[in-house]
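Since the structure comes first, as structure tokens, the remarks are kept for the end.
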Amino acid sequence: MSPETAPSTIPTAPATMAPENIAQSRCLVIGAASGIGRATAERLRASGAAVVGADLPSARWPGDQVASPLPKDSSLPMDVADPESVRAAVSSAVRTLGGLDAVVNCAGILGPVAPALATSVEDFERILRINLTGAFIVSQAVLPTMAEAGYGRLLHISSTAGKEGVVNMPAYSASKAGILGLVKSLAKEYAVSGVTVNALAPGNVVTPLFQEVPAEQQAAQAAKIPMGRFGTPAEAAALIEFIVSPAASYTTGFVFDLSGGRATY
């Protein structure tokens with residue numbers, strides 16, 4: 001029997017407590033201290049969802065201002081490259097929320113912007129460990145809870161770099177391409193479980209991560225965008241809210257575009 005025809009061992013029982021809308025959803029946002037993750041946590045909370053955010057123990061969270069997306073007791077330390085850290089944070093989120101309906105994984109690093117021959121093996125492996133292996137570690141930690149409940153939404157952030165490759169970013173491009181393959185595989189594995197697994201591929205979104213790209217490379221990338229501008233974290237959060245909502249019930253294994261028309265495939 002080939003791997004593609006092997007019977008699934010994923011639970012297929014229908015959900016008994018599935019949310020009817022985003023306001024009833026219990027969400028974990030990883031990488032929630034800044035950028036797209038912060039905007040997503042803020043948007044989901046504004047829509048009525050219960051949200052717990054996670055980020056590196058060293059992350060600088062927003063203060064106690066009214067605009068802060070998360071109260072301090074709803075932010076957790078998590079290193080996606082450390083399975084124990086991920087499992088502990090997910091368990092804490094499940095206890096706090098009483099379950100887990102949606103997980104948005106925004107964790108990732110850019111790494112050195114340099115030619116392939118100037119990129120060390122150590123840097124290459126570190127970027128893959130955080131961006132790609134981290135996504136796998138997160139998936140292993142959250143999918144059993146959602147599959148057992150018969151409902152869930154898992155979204156990993158990939159990148160246009162994963163679709164077309166970006167010059168002087170070999171490790172970042174490879175890691176984000178790997179996320180696409182991971183998502184497509186997991187989506188098929190969990191297709192009858194009530195859990196969807198999708199990816200979002202942003203192009204150039206103005207976040208702290210994007211500020212690490214040299215100005216000349218930013219200009220070159222801007223020239224490729226039909227809309228003629230970069231995206232915003234708020235625009236990403238709006239699309240993410242739909243993808244992880246109960247309304248997105250018949251799309252799994254898909255790569256959603258967020259590139260201003262640059263990479264619509």
| Which one of THR264, THR207, THR252 is assigned to a loop (DSSP other than H, G, I, E, B), within 28 Å of ALA141 (Cα to Cα) and in contact with a strand residue (DSSP E or B) (Cβ under 9 Å, 6 or more places away or on another chain)? | THR252
| query | Considering only strands (runs of 3 or more DSSP E) fully contained in region 48-105, which possess at least 3 residues that are aliphatic (A, V, I, L, M) and either crowded, with 24+ Cβ neighbours inside 10 Å or modelled with pLDDT of 95 or more (or both)? | reply | 50-55, 102-105
| note | Filtering region 244-255 down to residues that are crowded, with 19+ Cβ neighbours inside 10 Å and either of a type in the set (Ser, Thr, Tyr) or out of contact with any Ser or Thr (no Cβ under 8 Å at 6 or more places or on another chain) (or both) yields SER245, THR252
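So that you can scan it fast, the table gives a plain yes or no per residue for (1) farther than 27 Å from ALA49 by Cα; (2) assigned to a helix (DSSP H, G or I); (3) free of Cβ contacts under 8 Å to residues at least 40 places away in the same chain:
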residue	(1), (2), (3)
ALA171	yes, yes, no
ALA199	no, no, no
GLU235	no, yes, yes
GLU241	no, yes, no
ALA247	no, no, no
| note | If we keep only residues of region 138-192 that are among the acidic types (Asp, Glu) and in contact with a helix residue (DSSP H, G or I) (Cβ under 9 Å, 6 or more places away or on another chain), then the residue surrounded by the fewest Cβ atoms within 10 Å (Cβ to Cβ) is GLU164
| query | Which members of region 214-241 meet the condition of being β-branched (Val, Ile, Thr) and either surrounded by fewer than 17 Cβ atoms within 10 Å (Cβ to Cβ) or more than 11 Å from GLY203 (Cβ to Cβ) (or both)? | reply | THR232, ILE240
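The values are calculated or read from the model by the stated rules, or taken from the named source; none is laboratory data. Quantities reported herein were computed from a predicted structural model and do not represent experimental measurements. We place every Cβ from the backbone using ideal geometry, glycine too, and count neighbours over all the protein chains shown.
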